Each structure stands twice: as structure tokens, then as C-alpha cells.
Amino acid sequence: MMGEQALQDSLHRQALEIRQRAYVPYSHFAVGAAVEATSGKIFSGCNVENASYGLTVCAERIAIFSAVAAGETRLLRLAVVADSPEPVAPCGACRQVMAEFGVKQIFMYNTAGQCKMVELSDLLPYAFGPQQMKGAAASE
Ligand code: THU
């Protein structure tokens with residue numbers, strides 16, 4: 001079993017590493033992310049942009065979807081890094097995707113090495129989830 005600090009370092013390192021593959025010809029804002037699954041495995045992702053700007057996918061979602069594609073749908077912690085003045089905060093869409101797969105904690109970094117740890121419940125209070133659709137079928 002990896003200790004807390006070792007795990008956090010691993011997430012940070014893998015997020016930094018994959019950030020080098022960010023495809024960002026439009027924004028030039030490279031982002032890297034890495035997520036830990038309950039199995040202990042780590043999956044990473046970088047942002048991938050498109051000439052049709054709205055099709056861009058964030059680093060966090062690439063990391064999470066890559067975990068899901070590998071059969072890991074229960075996730076725990078995620079690290080994200082970018083060259084921002086403050087540790088970079090995930091966008092709203094990614095927060096919702098994190099909620100779907102149970103991400104609890106987010107380690108936000110900038111390339112200067114500053115880190116801020118936040119709980120997803122603080123980033124996305126009153127999250128929408130499947131429990132709110134209960135009863136939908138019965139009331140049809
Ligand atoms: N981006 C991410 O990949 N993650 C974030 O947390 C913030 C935004 C990307 C999307 C786009 O490629 C670029 O950063 C600028 O918005």
C-alpha cells in the first residue's frame with residue numbers, strides 16, 4: 001500500500017508528465033491530470049483541443065474517461081496541474097463528471113509547485129446525481 005504522501009506525489013508527477021502531451025494549438029494552456037481509482041491504479045489525461053473550439057475536452061475528463069474505459073468506475077483522488085498564477089481549478093463540467101464517479105478530493109497545482117487540496121463537496125455543493133431522478137418512472 002502506498003502512503004498518502006507517496007500517492008499524492010505520484011498523482012502530481014503523472015499529471016505533470018502527461019501535461020507535456022496536451023494538444024493546445026488554440027489556447028496554449030496545457031493541462032495535465034491524474035486520477036486514482038479504488039483499485040490503486042492511476043490514470044492520466046491532458047487537454048485535447050479542436051479547431052471547432054467547443055469540442056475541446058479537459059485533461060480531467062480525459063483522465064477520468066480513461067479510467068472508466070479500463071473498467072474502473074470508482075475513483076478517489078485527482079490531481080490537476082497547469083501554468084496558472086494560482087493552483088488551477090477544474091471547470092464546472094469536470095466537477096460534475098467527478099461527482100459521477102465518486103472523486104472525493106482534488107489536488108490543484110500550478111507549475112510553480114503550489115498546491116491546494118479541496119473536497120469535491122466544496123467545489124460542487126448540491127451536486128445533481130441519480131438519487132434526484134428517483135421516482136421519475138413512477139410519476140410517468
Ligand atoms: N482546461 C482543462 O483541461 N482543465 C481545466 O481544469 C481548465 C481548462 C483546458 C480546456 C482548454 O483546452 C484550455 O484549458 C483553456 O480553457
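The values are calculated or read from the model by the stated rules, or taken from the named source; none is laboratory data. Please read all numbers here as calculations on a predicted model, not as lab measurements. Reconstructed Cβ throughout: ideal geometry from the backbone, glycine too, with neighbour counts over all protein chains shown. When the accessible area is computed, the model is the full protein with side chains, heavy atoms only, and any ligands, DNA or RNA have been set aside. Shrake-Rupley method; radii C 1.70, N 1.55, O 1.52, S 1.80 Å.
Being of a type in the set (D, E, K, R), out of contact with any Cys (no Cβ under 8 Å at 6 or more places or on another chain) and not in a loop (DSSP other than H, G, I, E, B) is the requirement here; does residue 77 meet it? Judged against the criteria, residue 77 is a match.
One line per residue, one yes/no per condition, for (1) more than 17 Å from residue 87 (Cβ to Cβ); (2) modelled with pLDDT under 95:
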| residue | (1), (2) |
| --- | --- |
| 4 | yes, yes |
| 13 | no, no |
| 21 | yes, no |
| 28 | yes, no |
| 33 | no, no |
| 38 | yes, no |
| 41 | yes, no |
| 47 | no, no |
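Of all the residues in region 51-90, those that are of a type outside the set (Asp, Glu), in contact (Cβ under 8 Å) with a residue 12 or more places away in the chain and open to solvent by 50 Å² or more (accessible area, probe 1.4 Å) number 10. Considering only region 77-89, I want to know if a residue exists there that is away from the ligand (no atom under 11 Å from the Cβ) and either in contact with a His (Cβ under 8 Å, 6 or more places away or on another chain) or β-branched (Val, Ile, Thr) (or both). Taking every residue of region 77-89 in turn, at least one turns out to be away from the ligand (no atom under 11 Å from the Cβ) and either in contact with a His (Cβ under 8 Å, 6 or more places away or on another chain) or β-branched (Val, Ile, Thr) (or both). Is it the case that region 15-38 has a residue that's among the hydroxyl-bearing types (Ser, Thr, Tyr), surrounded by fewer than 16 Cβ atoms within 10 Å (Cβ to Cβ) and within 22 Å of residue 99 (Cβ to Cβ)? Scanning region 15-38, I find at least one residue that is among the hydroxyl-bearing types (Ser, Thr, Tyr), surrounded by fewer than 16 Cβ atoms within 10 Å (Cβ to Cβ) and within 22 Å of residue 99 (Cβ to Cβ), so the answer is yes. If you filter region 6-54 down to residues that are more than 8 Å from the ligand (Cβ to nearest atom) and among the charged types (D, E, K, R), you find that the one that is nearest to residue 116 (Cα to Cα) is 9.
Checking each residue in region 110-137 for being within 14 Å of the ligand (Cβ to nearest atom) and assigned to a loop (DSSP other than H, G, I, E, B) picks out 111, 124.
In region 101-109, the count of residues that are part of a helix (DSSP H, G or I), open to solvent by 10 Å² or more (accessible area, probe 1.4 Å) and within 16 Å of the ligand (Cβ to nearest atom) is zero.
Within the span defined as region 78-88, every residue fails to be over 22 Å from residue 20 (Cα atoms) and of a type in the set (Val, Ile, Thr).
When restricted to residues that are more than 10 Å from the ligand (Cβ to nearest atom) and either in a strand (DSSP E or B) or open to solvent by less than 10 Å² (accessible area, probe 1.4 Å) (or both), region 91-100 contains 1.
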